[in-house]
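Below is one structure, written out as structure tokens; comments come after it.
The values are calculated or read from the model by the stated rules, or taken from the named source; none is laboratory data. Quick caveat: nothing in here was measured; it's all calculated off a predicted structure. Backbone-built Cβ (ideal geometry, glycine too); neighbour counts: all protein chains shown. The protein model used for the area step is the full one, side chains on, heavy atoms only, and it has no ligands, DNA or RNA in it. Shrake-Rupley method; radii C 1.70, N 1.55, O 1.52, S 1.80 Å.
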Amino acid sequence: MRIFEGLVRAQKLEIGDEIYLTAKGGERTRYVVYEKKGISPDAFDELKQYRGESGLTLLTCKDNGNNRLIVRCEQKAVESYVSAGRTANVSNN
């Protein structure tokens with residue numbers, strides 16, 4: 001999925017949904033959505049908040065660009081590619 005498609009789909013995400021990001025090297029990180037809310041376009045302080053050691057924040061437009069949708073996710077696990085399509089768990093939070 002391309003980034004733009006992911007932001008369009010962000011509006012359909014619900015609390016508890018999982019998101020996986022895979023780096024070029026094969027490392028895959030799992031995140032779980034814990035918050036979803038609308039904010040004003042100039043609410044930049046909202047971007048500084050997250051739960052846990054690290055997190056993922058998705059930000060996209062809503063209401064025809066007049067407001068923003070913020071989706072916050074907590075990092076849960078990082079997996080590394082081993083061989084033959086298998087992954088080994090490297091880190092659990």
Could you provide, to the nearest whole Å², the per residue accessible area of the stretch 15-55 with probe 1.4 Å? 72
Backbone N under 17 Å from the residue 15 label point (7 Å along Cα→Cβ), restricted to the stretch 31-58: 32-39, 50-52
Measure off 7 Å from each Cα along the Cα-to-Cβ vector at residue 35 and residue 47, then give the distance between these two points in nanometres to one decimal. 1.6
For the stretch 15-83: rounded, prolate or oblate by the Cα gyration tensor [a/c cutoff 1.5]: prolate
